[in-house]
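A short reminder: the numbers here are calculations on the coordinates, not readings from a lab. Since the model is a prediction, treat every value here as computed from it, not as a measurement. No Cβ is skipped: glycine too gets one built from the backbone with ideal geometry, and neighbour counts run over all protein chains shown.
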DNA sequence: AGCTACATGTAACGAGTTACATGATTAT
DNA sequence: ATAATCATGTAACTCGTTACATGTAGCT
């Protein structure tokens, strides 16, 4: 249900087309939400049908026309009611850990290299987040409440990637050790 | 796709009924996979159809009969091939962060209490994992490779809950501050 | 008498993924 | 030429959630 609300939250600040939302999600929103282009288009269709958003078609020179969406009063109300409800922690479904559990079926090097590969992915993502932090949040004491909320989600992403890197290091070290048994 | 493989991995050690798998998942597997009872029954049906597992009905005194499943050679092959493929990092979809982004729509106390509630949930889960660690892995140096693999997933769960708790503390502190703007 | 645990399933729906379809512009 | 980016969508399928359906045994 939260993809709809994530879209509403994003449209709360600014009007976006489906394509723009998708790009925004692929970039900054990556630390707390992910959605494919198709999912976004479908969700926009649903939200428009229930009048939580409305659209306007903008012609562009040299480019295809854009259909930009804005949140309605009904949409703001819907989002607000949802914010007031409690949220459940995300369910963990990590393929890599299932593979670690089954690691004895493969050569040791395969799983070690795979963990190393994940370490690199998380290191890369961490540097992206840190770059955003430096660029957009150089002085935390000067942020408004709304900006602090956004910063808190970025800190969550930074914490997550750091934790993943630490775990990869720990796992590599643990599984590399010589084992008598 | 990985629920099927998670079940295969579990059945690799021991035969289980659908009900037993569900309980096992609710407990120890919680740090890397979650599935409902219905999902497990459906997946078992599929796996049996493709002959990756087979079943046996065991009558019990004073209790309903159990249908216990065992992995077949075909199932082991399927699992092994999957382990050799690379795994993508889990997609993050955290409702709480979407709510933090929309926090200005609600009274400040609502979001702070919600983060505090999450902090408690993660603290509780962390203590469960630490209890398992103390009980089952008192001496890491004496573990076999297979046991080390299991231990690595537990360490992943411990790291995750610790990271979540740290973030909740950071977020509460950040959003509680007096803000001039 | 009512709750929890044991035990298996069907049906419907919502969310997420993958493939397909179309067509213009810009950069290499 | 051909690949990438811009731009929107349909269709089919799989995965995850919720509700419904059934029945026994043991505990309070």
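The table that follows gives values for the structure above.
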item	result
Cα pair distances exceeding 29 angstrom across the protein assembly as shown, given as percent	51 percent
Longest to shortest principal axis, alpha-carbon extents of chain A, angstrom	67, 42, 41
Nm distances between copies for residue B:27, ranked from closest, using label points 7 Å along Cα→Cβ	4.9
Three-way shape call for the stretch A:120-159 based on the alpha-carbon gyration tensor, with the a/c threshold at 1.5	prolate
Average beta carbon contacts from partner chains per residue of A:155-167, 10 Å cutoff	5
Protection-proxy order for peptides A:58-65, B:30-37, each taking the mean of Cβ atoms within 10 Å per residue, highest first	B:30-37, A:58-65
Test item: B:76-82 mean partner chain Cβ contacts at 10 Å	3
Residue exposure sequence - A:150, B:53 - by fewest surrounding Cβ within 10 Å	A:150, B:53
Relative contact order [Cα under 8 Å, 6+ residues apart], chain B, whole percent	20 percent
Alpha carbon convex hull of the stretch A:95-176, volume per residue in cubic angstrom	89 Å³
Part-to-part distance (alpha-carbon centres) for the stretch A:1-76 and the stretch B:4-65, which is given in Å	40 Å
Estimated 222 nm signal from helices in chain B, with DSSP H stretches of n ≥ 4 weighted -39500 (n - 2.57), rounded to 500	-20500 deg cm²/dmol
The stretch B:2-84, Cα convex hull volume normalised per residue, Å³	92 Å³
Sorted by Cβ neighbour density within 10 Å, fewest at the top, the residues B:19, A:16	B:19, A:16
